[in-house]
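Engineer: Can you keep this structure in mind? I'll have questions shortly.
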Amino acid sequence: MLKIENLRKKLAYFTLEIDELEIDKRDYFVVLGLSGSGKTTLLEIIAGFRKPDDGKIYLNGEDITNKPINERKIVMCHGKYLFPHLSVKDNIGIGIRDKRLREEKVKEISKLLGIEHLLNRKPDTLSGGEQQRVALARALVVEPEVILLDEPLNALDRLTHENLILELKNIYENSHLTFIHVTHDFIEAIALAKRMAIIRNGKIEQFGEVDEIINNPKNEFVARFVGYKNFLDGKVKKEDNHYIFEGDIEIYLDKPYECGEAILAIRPEDIMLVGDGGCRYHYKKYNLFDAKIVEVYPLSLSTVRAVLDVNGVYLTCEVMRSKAYRMGLKKGWE
């Protein structure tokens, strides 16, 4: 287990402050945040490249705060840190002194990552995805306990990005390693993480199981970061055993909430479009509203986003492209 206690590091515009964070052994832990929020600094402190102003870092109960980098059993992985004058083979094996063992491990890891054909090339002849694979191989070959990944999928084309996600999942599932992965990409985070933390201006806003954060965001910042697009001001009240959100529109809630002032956050995919045909009467009368579509645009190859006017309240929803086509979804549709 990696444990951080009362960590402080003053930066240019804010102070990195982590009161307590525990990352389980063999966890795939993702730190999610905007650029400049302190993610990379956190990794550098864990790796030993930077010293904290205050606080402690423990690995399996041992205080490693002041331990030399090469004794921590923690490796930081980034494609841009490859040695340009060395071949791929020499980059991967640089951390192993014994020549015979180095040859064996380089061969084994390069086969695992499918980069055997790159061993005699130099880093500047590789694509971004290939550089990331080489950096990952160099990290794996020294058999660390913890691997730190600093935006490993940044600036990659879509296909390479998707392939590397699958490779990382495969390596994680077939190893006993702990991964700590930082990114600004929410989709990347949920594809890989067992648990994650949301960081803003050096402070962790929320951490825990992925589903818990997605379904119960602690505040509006976290909600926006994990994909909520609709935010309504109002209050929660209880009426005849129902909990109701009362704002510009009235919405029946699916479970008890604390009564009083509140912000209701709604994910775009949780809004369902129903046509004027008889099928709409199969739905519950609650939370069924007349709406006008004021904008429609493709979001991806499979999804369309629509902006709805519901009694003067604008809501964003997402539907499958095939459904949008069948419904004849277009601007002005009511």
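Engineer: Run residue 83 past the list (1) under 20 Å from residue 207 (Cα atoms); (2) exposed (fewer than 13 other Cβ atoms within 10 Å of the Cβ) and report the number of the one that doesn't hold.
Structural biologist: It fails just one condition, (1).
Engineer: Under 9 Å between Cβ atoms, which residue pairs at least 6 apart in sequence (or on different chains) link something in the stretch 170-184 that is farther than 23 Å from residue 114 by Cα and assigned by the TED database to the domain that holds residue 29 with a partner that is among the basic types (Lys, Arg) and surrounded by 14 or more Cβ atoms within 10 Å (Cβ to Cβ)?
Structural biologist: Taking only residues 6 or more apart or on different chains, the pairs are 182/39; 183/39; 184/39.
Engineer: Would you tally the residues in the stretch 4-45 being surrounded by 17 or more Cβ atoms within 10 Å (Cβ to Cβ) and more than 19 Å from the chain's Cα centre (by Cα)?
Structural biologist: 6
Engineer: Checking residue 76 against (1) at pLDDT below 95; (2) not in a strand (DSSP E or B), which single condition isn't satisfied?
Structural biologist: In the conditions (1) at pLDDT below 95; (2) not in a strand (DSSP E or B), residue 76 misses (2) alone.
Engineer: Same structure, new question: Out of the residues in the stretch 254-271 meeting the condition of being touching a strand residue (DSSP E or B) at 6+ places or on another chain (Cβ under 8 Å) and at pLDDT below 90, tell me which one is surrounded by the most Cβ atoms within 10 Å (Cβ to Cβ).
Structural biologist: 257
Engineer: Being surrounded by 13 or more Cβ atoms within 10 Å (Cβ to Cβ) and not in a strand (DSSP E or B) narrows it down to one residue among 332, 227, 234; which is it?
Structural biologist: Of the residues listed, the single one that is surrounded by 13 or more Cβ atoms within 10 Å (Cβ to Cβ) and not in a strand (DSSP E or B) is 227.
Engineer: Can you tell me which of (1) assigned to a strand (DSSP E or B); (2) over 18 Å from residue 194 (Cβ atoms); (3) not acidic (Asp, Glu) is the one residue 30 doesn't meet?
Structural biologist: Going through the list (1) assigned to a strand (DSSP E or B); (2) over 18 Å from residue 194 (Cβ atoms); (3) not acidic (Asp, Glu), residue 30 breaks only (2).
Engineer: Scan the stretch 159-195 residue by residue and report those that are among the β-branched types (Val, Ile, Thr) and over 21 Å from residue 39 (Cα atoms).
Structural biologist: Matches in the stretch 159-195: 160, 171.
Engineer: Considering (1) small (Gly, Ala, Ser); (2) free of Cβ contacts under 8 Å to residues at least 12 places away in the same chain; (3) on the phi < 0 side of the Ramachandran plot, say which one residue 291 fails and leave the rest.
Structural biologist: All conditions pass for residue 291, except number (2).
Engineer: Just to verify a result, which residue in the stretch 142-162, among those that are without any contact (Cβ under 8 Å) to a residue 40 or more places away in the chain and touching a helix residue (DSSP H, G or I) at 6+ places or on another chain (Cβ under 7 Å), is surrounded by the fewest Cβ atoms within 10 Å (Cβ to Cβ)?
Structural biologist: Looking at residues that are without any contact (Cβ under 8 Å) to a residue 40 or more places away in the chain and touching a helix residue (DSSP H, G or I) at 6+ places or on another chain (Cβ under 7 Å), I get 155.
Engineer: Go through the stretch 173-222 and report how many residues are surrounded by fewer than 19 Cβ atoms within 10 Å (Cβ to Cβ), outside any strand (DSSP E or B) and not hydrophobic (A, V, I, L, M, F, W, C).
Structural biologist: Number of matching residues: 15.
Engineer: Cβ-Cβ distance below 6 Å, separation of 6 or more or different chains: which pairs start in the stretch 14-29 with a residue that is free of Cβ contacts under 8 Å to residues at least 60 places away in the same chain and end on one that is basic (Lys, Arg)?
Structural biologist: 22/3
The values are calculated or read from the model by the stated rules, or taken from the named source; none is laboratory data. Here the structure is a predicted model, which means the values were calculated and not measured. When we count neighbours, we look across all protein chains shown, and the Cβ atoms used for this are built from the backbone with ideal geometry, even at glycine.
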